[in-house]
Amino acid sequence: MTFGANTSIQDRVKHNTALHWAVGSKNGTAFSLLIKANASIDIPNGNGETVLSLLKKCPTYDWTSKKLVEKTIEKAENNRGRRNWISEFRNNEVSKIEVYILSRSLVLCIASC
């Protein structure tokens, strides 16, 4: 993260982000570093679970700072009205097709100039 690593990248098998893995393995150090780097807790994995939903399932937070988890959940709930446009785009097939057509048209237009 010191060199600007992308915290939103998902693995190819389970589509987990680094934050999903940190919560799943109860790695408090990684969780803390990723949260401080503003890693998104709203990206769904292959099972449709977000980090927020995983945190809400945890009965205890003995693996990390309870205060940090509570602040993270509170921040997410305060931002709930704001939608993550990347997640919406990923789940919207019509938008993907529109962007594909637009980009192809743009390439053809540039090529013909």
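Each reported figure results from applying straightforward, stated rules to the coordinates on display, with no laboratory input. The model shown is predicted, which means the values in this text are computed figures rather than measured ones. Because the Cβ atoms are built from the backbone with ideal geometry, glycine has one as well, and the counts that use them run over all protein chains shown.
Quick look at the numbers
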| item | result |
| --- | --- |
| MRE, 222 nm, helices only [DSSP H, n ≥ 4, -39500 (n - 2.57), over the chain, to nearest 500] | -16500 deg cm²/dmol |
| Helix 66-78 axis, angle to the chain major axis (alpha carbon atoms, nearest 10°) | 40 |
| Phi to ³J(HN,Hα) by Karplus 6.51 cos²θ - 1.76 cosθ + 1.60 over the range 12-28, Hz, x for Gly, Pro | 7, 8, 9, 6, 8, 8, 4, 5, 4, 5, 4, 5, x, 9, 6, 9, x |
| Across LYS67/LYS96; LYS14/LYS71; LYS14/LYS96; LYS66/LYS96, pairs whose alpha-carbon gap is larger than 32 Å | LYS67/LYS96; LYS66/LYS96 |
| Footprinting exposure proxy for CYS58, CYS109 (fewest neighbouring C-beta atoms within 10 Å first) | CYS109, CYS58 |
| Selection from VAL94, VAL51, TYR61, by position along the positive dipole direction of the chain (Cβ) | TYR61 |
| Entry for P(r) over Cα pairs in 5 Å bins from 0, in percent (calculated from the structure that is shown) out of [x] 2, 10, 18, 20, 16, 11, 7, 6, 4, 3, 2, 1, 0; [y] 2, 12, 22, 24, 19, 13, 5, 2, 0; [z] 2, 10, 15, 20, 22, 18, 10, 3, 0 | [x] |
| Theoretical FRET efficiency, 1/(1+(r/R0)^6), r = Cβ-Cβ of LEU102 and ASP11, R0 30 Å, to 0.05 | 0.50 |
